[in-house]
Amino acid sequence: ALPKSDLVQSIIKGKKLTEAEKLTIAQLFAEDGLSFNNELMPVGIAIQIPEIGGFSFTWKEKISGDAVLNPAFADLVFNGVNSKYIDSVIIDAQGFLTGYTDTLLPYSNYFNGSSLQFSWTRNFNISYGRKIIELDGITIYGGGGINFIQGNAVTDISYTENSASGFAAYSSVFDIDYAALTNPSLDLNGNLYPVGRGFAIDLGGTVSIKDKIWAGISLTNMGSMKWNGNLVSLNDGIFDSVVNFIGVNSADIYSDIASLINAGGLFNWSEQSEIKQSLPAQLRIGGAISPVDRLEIGVDIIQPLNKNPGSIQSTLFAGLVCFTPVEWIKLTSGFAGGGIANLDIPFGVSFSFTPQQAWQLSIGTRDIVSFFRQDTPTLSLSISLLRFRM
């Protein structure tokens, strides 16, 4: 939804919005959404043992969000008591604003089609794979993995068919204040004590034909989360008649999400002891061909199996070309699309400076065109500095 200049200043510089900018940003959000995904892998280890197979362990931090706001909800999120939803505003002696609505229509009639999601999970994965069949130039590989997941934060709010539903749970590091509402079922020890835990499995297989043609399919993240710490559920959607919220002060929403969720924010919460929710499972299908040495061409389709927090929300597709002009440099590019993004042009380069390519480093982006355009940007950066191959 946002032009690149506003998005960069909000994320990197923490730029606060003026009242005029809030009006503009709300209008942009009413036309397009905002989606982000961050993934950090502090540790990843894999080992191949002949005749036995391959084993791996990874630790990943995954933070993602997805916001789709209709015009009325976008106006209220950014402008608060100054939105068109508010009929009158009273300023008390201390300068605090209170907004009142005269309409008898419920909130959900105004906000149909809006949704707001955010999640931060810590994933520990153990996987195993091996060659299953090899005959006449055809090789079949199979494997699976198990995921132990800790949840540090979640928000899942949606307005559909004139009704609202949602919940939120945040670790102490976010300093979310629900006022008098606390969940006595879990004592949060430390800023990043998990507010949820989950378990999932991954399954996949690949067929290789003479090491020139490949096809693969996988089902990942099949499991569920139980959220039970600092947990609240949406009660009556928002404060229908009285609003004290002054509006989000960040162009990307998520930099200022605490102001939306806490007791002085937009939502009316009630206590909840536990919520179980499916994890964002995915079906992934891909194929590749190597017509000549040092050139590979591939396609990939990712289909989300639900729209829960952490999901990519809609089908993604990509086509990529990988070219190795010399042994120690690898170049990749192609196209990628789906979701709320336009067609993107990814680009990446990898280097291997040591013998046998033992130490590899790479840098890439999902859309190199966004470095040169303002509208509907896909801001993306992927960096790998410490990848070792032995």
>> Test of the criteria: in region 245-337, which trypsin sites (Lys or Arg not before Pro) are in a DSSP loop and have at most 14 other Cβ atoms within 10 angstrom of their Cβ?
In response: Arg294
> How large, in percent, is the carbon and sulfur part of the accessible surface of the chain at a probe radius of 1.4 Å?
Replying inline: 60 percent
>> Quick check: with the 1.4 Å probe, what order do Asp136, Asp211, Asp6 take by accessible area, largest first?
In response: Asp136, Asp211, Asp6
> Which net charge results for the neighbourhood of Phe118, defined as the other residues with beta-carbon distances under 10 angstrom from its beta-carbon, given Lys and Arg at +1 and Asp and Glu at -1?
Replying inline: -2
> Where does helix 4-13 land angle-wise versus the long Cα axis of the chain, in degrees 0 to 90, nearest 10?
Replying inline: 80 degrees
> With every protein chain kept in the model, how would you rank Asp175, Asp300, Asp66 by accessible area, 1.4 Å probe, largest at the top?
Replying inline: Asp175, Asp300, Asp66
>> Please enumerate, by chain and number, the lysines with C-alpha under 20 Å from the C-alpha of Lys212, excluding those fewer than 8 residues away in the same chain.
In response: Lys131, Lys330
>> Taking the Cα centroid of region 275-347 and of region 112-157, what is the distance between the two, rounded to the nearest whole Å?
In response: 15 Å
>> Straight-line reach only, C-alpha to C-alpha below 16 angstrom: list the aspartates and glutamates that Lys226 could link to, leaving out same-chain residues fewer than 8 apart.
In response: Asp156, Asp187, Glu271, Glu274
> Given H placed 1.01 Å from N in the peptide plane, which residues other than close sequence neighbours of Ala281 have an amide H under 5 Å from its amide H?
Replying inline: Leu305, Asn306
> Using a 1.4 Å probe, what is the accessible area per residue for the chain, in Å²?
Replying inline: 53 Å²
>> Can you give the local net charge around Gly142? Use residues other than it whose beta-carbon is closer than 10 angstrom to its beta-carbon, Lys and Arg +1, Asp and Glu -1.
In response: +2
> What are the ³J(HN,Hα) values, in whole Hz, obtained from phi via the Karplus relation 6.51 cos²θ - 1.76 cosθ + 1.60 with θ = phi - 60°, for each residue of region 133-146 in sequence order, with x given for Gly and Pro?
Replying inline: 9, 9, 7, 6, x, 10, 10, 10, 10, x, x, x, x, 10
> What is the helix-to-structure angle for 19-31, meaning the angle in degrees between its Cα long axis and the longest Cα principal axis of the chain, kept from 0 to 90 and rounded to the nearest 10?
Replying inline: 50 degrees
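The values are calculated or read from the model by the stated rules, or taken from the named source; none is laboratory data. For clarity, every value in this text was computed on a predicted model and none was experimentally measured. So basically every Cβ, Gly included, is an ideal-geometry build from the backbone, and we count neighbours across all protein chains shown. Only protein heavy atoms, including side chains, enter the accessible area calculation; ligands, DNA and RNA are left aside. Shrake-Rupley method; radii C 1.70, N 1.55, O 1.52, S 1.80 Å.
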